[in-house]
Amino acid sequence: MVRVGVADTTFARVDMARYAIEAIQEIDPNAEIVRYTVPGIKDLPVAALRLIEEFGCDGVITLGWVGSSLTDKLSYVVASMGLILVQLKTRRHVIDVTVHEDEASSPEELRQIAIDRARKHARNLMMLLLEGPEALTPWAGKGLRQGRPDVGPIE
Amino acid sequence: MVRVGVADTTFARVDMARYAIEAIQEIDPNAEIVRYTVPGIKDLPVAALRLIEEFGCDGVITLGWVGSSLTDKLSYVVASMGLILVQLKTRRHVIDVTVHEDEASSPEELRQIAIDRARKHARNLMMLLLEGPEALTPWAGKGLRQGRPDVGPIE
Amino acid sequence: MVRVGVADTTFARVDMARYAIEAIQEIDPNAEIVRYTVPGIKDLPVAALRLIEEFGCDGVITLGWVGSSLTDKLSYVVASMGLILVQLKTRRHVIDVTVHEDEASSPEELRQIAIDRARKHARNLMMLLLEGPEALTPWAGKGLRQGRPDVGPIE
Amino acid sequence: MVRVGVADTTFARVDMARYAIEAIQEIDPNAEIVRYTVPGIKDLPVAALRLIEEFGCDGVITLGWVGSSLTDKLSYVVASMGLILVQLKTRRHVIDVTVHEDEASSPEELRQIAIDRARKHARNLMMLLLEGPEALTPWAGKGLRQGRPDVGPIE
Amino acid sequence: MVRVGVADTTFARVDMARYAIEAIQEIDPNAEIVRYTVPGIKDLPVAALRLIEEFGCDGVITLGWVGSSLTDKLSYVVASMGLILVQLKTRRHVIDVTVHEDEASSPEELRQIAIDRARKHARNLMMLLLEGPEALTPWAGKGLRQGRPDVGPIE
């Protein structure tokens, strides 16, 4: 049985974890979910590490929300670098989902992006966990997007 | 009994530690506080590490102050990256509170941000330390803010 | 017999792995290829690490695709830093190939860059794996380029 | 007896080490000084590490000089990140003093900044080494500055 | 006898290694040189690490060439960070020489910078390897430059 960590923040303006968990359970109703909520994105790396090393998760999805100031962007860099370090330390996938306030022109659009991205990346994580390194190979180079419609390959 | 590290700087223009300590003691009057003051934000990572590894703290709150020049922003990046490394090394939360001089238009506004942010993040740390990974889950995706009023979720 | 890891993404808009694998097999028809496909560039470091440590690869080529927004560029930084960490951890070459959407004026040009860069870097990796540290020395300082024609040395 | 490392560069345009050493010896005439001079700031991290691990220093002050180009600023980021890593590896303070050519309008002003910053940070290091984590606590949040006059707390 | 690693790239437009090796041998005709050529700057860290750990080098000089786009600058950051990590892992000097295409107005000027910088930094490395931490101390704060004439100290 697969155990999946879901780490999210109180800073986010959409409950992305709800959609990620739904998507996980659609793929595997027996998947065990472990939840970890932190204040902001810079707290996600240690949460992801603990989900793997203390709570025995096979993989983690983190759901971050990034403001539009320069400071927010710099915080994004360090949070994402931290999540890569967690992966190199544990050799487990931690799918780093972030929604950036500057990528949409309205709150509603941001909300749609957040929901779509959380769902699709939850499915990506499950495929990697259940089927391994070649699970996504049929879509390699296919221009898939999360949060927006796929752009497709360049023909 | 919980032992909480409070690391701050002489560079800051507000004694944020005072407000953080107040908030910690409101939540748990028996919490033991260990204090560490350094010159500036780049000195905070080693202080946080020592608070955990040498002084036995269960978690740390760091209180940084960031000038508005490009150099200050770059120092913010390396300091915050260092604090994430401390967390990954110790598997403890280090809540990285920073006030940026470019986020307010007057010193008084900056002071209010500093106080509010120190208090709210001290409470966040205590909840994580006392109640664990799901302590903040009721507020996941709720658009909480520290230093300013919450913006709330996108409905 | 050499075992080569090929890690790519579903985000990319060109199936660069196909061209990399062709180039590898032209140089060594007996080379064993291990494939790993992930959603985006930030997932490549853990894939590269697993290809080396779990799947026994002697070297890896990663094929990333980077959008043109600031967020994409920052993601590039952390992904590439992660790939360097993998190399320092394993002492194996991981050739980090990326195509950036802002480096061409049309999708077709981007496609040509992607194909050329994947092929040439696959050959670079094979030369390093098969012939060692001085394999590329005859071309040191010669202004070679991947994705575009060589610019040559300054005479 | 305390042993203090002083690492500096040939790139700098002021002999900051002279002023740092003076300040160290004013505080503790018995302090033992170990000197390490490198070409530029990116060479300081390994010098600081060796001063601690091979030469037995209890703490280090590094004296860097940063040009005004983007490349210089990026070199500053990696040098400072390296110095934080040294601190996390050794659990010793390494006070990272840098003077940036873009922070003054004349060479003479830059020189004054360099001297003042070297002196004050040498004192900060000595206080931390001799008196520990609360040595600087009376000045926490007091808006101290090195290189310029203190700005003081926001009242 | 000192063994020196020289790592360079096929991306560079000047054969800087030739000038670095000449300078090394002028200082110590018995110095043993180990050469490692890689495609680009992001491949230099693992080459430097292998030169030290597998080929027994006492120190390394890396000779990188950096384009003028934002992507090139970001690649510079990660390559240089990687070289600092190699130094912290091995406690050996790795002198990170880079020539940036945006620092000169003509190819010929770039070539002169490259040659001068490679030579001077090769001498710096040899002095550190042969004479230790105080070898360069007579020039501390003297405003030395590599690639251009020295600017001298501020009087």
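Annotations
- When B:Lys142 is tested against (1) assigned to a helix (DSSP H, G or I); (2) touching a Ser or Thr at 6+ places or on another chain (Cβ under 7 Å); (3) open to solvent by 10 Å² or more (accessible area, probe 1.4 Å), only condition (1) is not met.
- Considering the conditions (1) of a type in the set (D, E, K, R); (2) facing another protein chain (nearest Cβ under 9 Å); (3) within 24 Å of D:Leu88 (Cα to Cα), B:Asp58 is excluded by exactly one of them, (2).
- When region C:1-29 is limited to residues that are of a type in the set (A, V, I, L, M, F, W, C) and open to solvent by 40 Å² or more (accessible area, probe 1.4 Å), the one that is farthest from the other protein chains (Cβ to nearest Cβ) turns out to be C:Met1.
- Pairs where the first residue, in region C:1-24, is more than 15 Å from C:Val94 (Cβ to Cβ) and without any contact (Cβ under 8 Å) to a residue 40 or more places away in the chain and the second is among the aliphatic types (A, V, I, L, M) and open to solvent by 10 Å² or more (accessible area, probe 1.4 Å), C-beta under 6 Å, 6+ apart: C:Thr10/A:Leu144
- Exactly one residue out of D:Leu49, D:Leu85, D:Leu63, D:Leu74 is facing another protein chain (nearest Cβ under 7 Å) and either within 19 Å of B:Val38 (Cα to Cα) or small (Gly, Ala, Ser) (or both): that is D:Leu85.
- Residue within region D:125-136 that is open to solvent by 30 Å² or more (accessible area, probe 1.4 Å) and either modelled with pLDDT under 95 or at the interface with chain B (Cβ under 7 Å from one of its Cβ atoms) (or both) present: yes
- Screening C:Gly152, C:Gly147, C:Gly132 for residues that are within 18 Å of E:Ala12 (Cα to Cα) and within 18 Å of the chain's Cα centre (by Cα) leaves exactly one candidate, C:Gly147.
- Residue in region E:103-123 that is open to solvent by less than 10 Å² (accessible area, probe 1.4 Å) and within 8 Å of chain D (Cβ to nearest Cβ) present: no
- Qualifying positions in region E:30-44 - within 12 Å of E:Arg3 (Cβ to Cβ), more than 10 Å from every other protein chain (Cβ to nearest Cβ) and of a type in the set (A, V, I, L, M, F, W, C): E:Ala31, E:Ile33
- Residue that is farthest from the chain's Cα centre (by Cα) [pool: residues in region B:87-102 that are farther than 21 Å from A:Arg50 by Cβ and surrounded by fewer than 17 Cβ atoms within 10 Å (Cβ to Cβ)]: B:Asp102
- Check on E:Arg148, more than 8 Å from chain D (Cβ to nearest Cβ) and in a helix (DSSP H, G or I): no
The values are calculated or read from the model by the stated rules, or taken from the named source; none is laboratory data. Just so you know, these numbers come straight off a predicted model, no measurement behind them. Please note: Cβ atoms are built from the backbone with ideal geometry, for glycine as well, and neighbour counts cover all protein chains shown. Only protein heavy atoms, including side chains, enter the accessible area calculation; ligands, DNA and RNA are left aside. Shrake-Rupley method; radii C 1.70, N 1.55, O 1.52, S 1.80 Å.
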